[in-house]
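First comes the structure, then the notes that go with it.
Readers should treat all values here as calculations from the given coordinates under stated rules, not as data from a laboratory. Bear in mind the structure is a predicted one, so any value in this text is a computation, not a measurement. Glycine also receives a Cβ, built like all others from the backbone with ideal geometry; neighbour counts cover every protein chain displayed.
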Amino acid sequence: MTDDDRLFLITGATGKTGSGTIDLLLRRGHRVRAMVHREDERSRSLAEAGAEVVVSDFRDLDGVSTALRGVTGAYLCHPISPGLIEATTYFAQAAIEAGVRSVVNMSQISARREAGSDAARQHWLCERLLDRTDLLTAHLRPTFFAEWLKSWWELRNGEGYLRLPFGEGRHAPIAAVDQAHVIAALLLDPEPHNRAVYTLHGPVELNHYDIARAMSGALGIPVRYEPISVEEFASAMAERGLPAHLVQHLSNVAVDYRNGVFAGTNDNVEKIGHRAPLSVEQFVNENKPDFDTNGPNFVPA
């Protein structure tokens, strides 16, 4: 255990990056408060691991204020859903009132003023909002998560398929666990990173034909990438019942992806998080059971 008495608030606590950050901080002996939307098996697991759990909603200013009371540093992670600007405004005001020192903000690599995605443009605005406070603030802009491969994966007749609208665009998939190492590091030492904007990438830039080959080698079965149109992608998401806000976002970032917005590599995970990021092969090997069935969002042929 550490004699450090700082308290860190993690929002999105049951999500991929939030839960990973909580695990790292707890294992290092730090005090953690997890903000969750409801009590369930996932929140109970966090409590059993040693986190203080508080139930609140981003749209509840008083609830967010309670969650931030006594907190030194916070991780702000809002889902891709309406209400981001309101939530960030509430969070910033509550953090200032509570005397919070620093915030790590999960943004998007597509965040910019001219973004076609409503969510991406709102993330850019929220970065600017936080930058206008006195909080020590760092913004994270990850490329597509490696976890996407599980979500859009189809297993058909013993073969794997990725039917996605990304053409021959490229990116270096970044695993949530690698992002968690960066988030934890920024929470623990915020001063050198104040007002920084960090893009996060995996180790190797690939197109989806390359990704399919890497997955095939790890899984030992044929895996094929089948490019589809943005229109087919959007239609499939709508038919599956995904929210309109999410459909609008993913349709527009598919165009961004084709235009190179998600491309690139860097060493931010190594420099800040002090670990080498997982390759596609390593990620698939560590998550093989998830590829035994179809992902929840796959686009059928």
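State, as an integer percentage, the relative contact order of the chain based on alpha-carbon contacts under 8 Å between residues 6 or more apart. Show your work: numbers first, answer last.
Working: 633 pairs, mean separation 56.9, N = 301.
Answer for the chain is 19 percent.
So if I place +1 on the C-beta of Lys and Arg and -1 on the C-beta of Asp and Glu, and nothing else carries charge, what would the dipole magnitude of the stretch 165-301 be about its Cα centre? I want it in debye, nearest 20. Before the final figure, lay out each step's value.
Values: 9 positive and 17 negative charges, 9 e Å.
Charge dipole, the stretch 165-301, about its Cα centre: 40 debye, nearest 20.
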> Which residue fluctuates the most in the chain, going by a Gaussian network model with Cα springs under 10 Å, if the choices are R38, R101, R112?
Replying inline: R38
>> Pairwise over distinct Cα atoms, reciprocal of the mean inverse distance: report the Kirkwood radius of the stretch 205-286 in Å, one decimal place.
In response: 15.1
> What range in the chain is the longest one free of GluC sites (Glu not before Pro) that are in a loop by DSSP and have at most 11 other Cβ atoms within 10 angstrom?
Replying inline: 169-301
> Which one of G29, G63, G273 has the biggest mean-square fluctuation once the chain is modelled by GNM with Cα springs under 10 Å?
Replying inline: G29
> Taking a temperature of 37 °C and a viscosity of 0.692 mPa s, what whole-number D in µm²/s does Stokes-Einstein yield for the stretch 130-245 with Rh from Kirkwood over alpha carbon pairs?
Replying inline: 198
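For each of L9, L125, count neighbouring Cβ atoms within 10 Å of the residue's Cβ, then give the residues from fewest to most.
Working: L9 28, L125 14.
Listing L9, L125 from fewest to most nearby Cβ atoms yields L125, L9.
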> List the aspartates and glutamates whose alpha-carbon lies under 19 Å from that of K150, not counting same-chain residues fewer than 8 positions away?
Replying inline: E159, D178, E205, D210, E226, E281, E286, D290, D292
> Taking a temperature of 37 °C and a viscosity of 0.692 mPa s, what whole-number D in µm²/s does Stokes-Einstein yield for the stretch 5-146 with Rh from Kirkwood over alpha carbon pairs?
Replying inline: 216
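So what is the calculated 222 nm ellipticity per residue for the chain, using -39500 (n - 2.57) for each DSSP H run with n of 4 or more, over all residues, to the nearest 500 deg cm²/dmol? Mind dumping the intermediate values first?
Values: 11 runs with 119 residues, N = 301.
Value at 222 nm, helices only: -12000 deg cm²/dmol.
Do any trypsin sites (Lys or Arg not before Pro) in the stretch 164-232 lie in a DSSP loop with no more than 13 other beta carbon atoms within 10 Å, and if so, which?
Hits after loop and neighbour filter: R195.
Sort largest first and round to whole Å: the equivalent ellipsoid semi-axes of the chain, each the square root of five times a Cα gyration tensor eigenvalue. Let's see the in-between values first.
Values: eigenvalues 208, 88, 68 Å².
Those come to 32, 21, 18 Å.
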> Farthest toward the dipole's positive end in the chain, which of N252, L135, G18, given Cβ charges of +1 (Lys, Arg) and -1 (Asp, Glu) about the Cα centre?
Replying inline: L135
>> On C-alpha positions alone, give me the angle between the axis of helix 16-27 and the longest principal axis of the chain, in degrees, nearest 10.
In response: 50
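With all distinct Cα pairs included, what does the Kirkwood hydrodynamic radius of the stretch 91-183 come out to in Å, to one decimal, could you say? Intermediate values should be presented prior to the final figure.
Numbers: mean 1/r = 0.0636 Å⁻¹.
About 15.7 Å, per the Kirkwood formula over Cα pairs.
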> Charges only on Cβ, +1 for Lys and Arg, -1 for Asp and Glu: so what's the dipole of the stretch 145-185 about the Cα centre, in debye to the nearest 20?
Replying inline: 60
>> Quick one: 3J(HN,Hα) in Hz for the stretch 193-200, Karplus 6.51/-1.76/1.60 with θ = phi - 60°, rounded, Gly and Pro as x.
In response: 10, 4, 6, 6, 10, 10, 7, 10
> Out of residues 5 or more away from L7 or on other chains, whose amide H comes under 5 Å of its own, with H placed 1.01 Å from N in the peptide plane?
Replying inline: T72, G73
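Of the DSSP beta bridges with both residues in the chain, give the percent that are antiparallel, rounding to the nearest 5. Working shown, then result.
Working: 6 of 37 bridges.
Rounded to the nearest five, the antiparallel share is 15 percent.
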> In a shell of Cβ-Cβ distance under 9 Å around R170, excluding R170 itself, what net charge do Lys and Arg (+1) and Asp and Glu (-1) give?
Replying inline: -3
> Can you list the aspartates and glutamates whose alpha carbon sits under 13 Å from that of K288, skipping same-chain ones fewer than 8 residues off?
Replying inline: E147
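About its Cα centre, how strong a charge dipole does the stretch 252-301 have in debye, to the nearest 20, once Lys and Arg get +1 and Asp and Glu get -1 at the Cβ?
Values: 4 positive and 7 negative charges, 26 e Å.
The calculated dipole for the stretch 252-301 is roughly 120 debye.
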>> No solvent, one uniform scatterer per C-alpha: report log10 I(q)/I(0) for the stretch 245-301 via the Debye equation at q = 0.18, 0.21, 0.24, 0.28 1/Å, two decimals.
In response: -1.03, -1.09, -1.03, -1.00
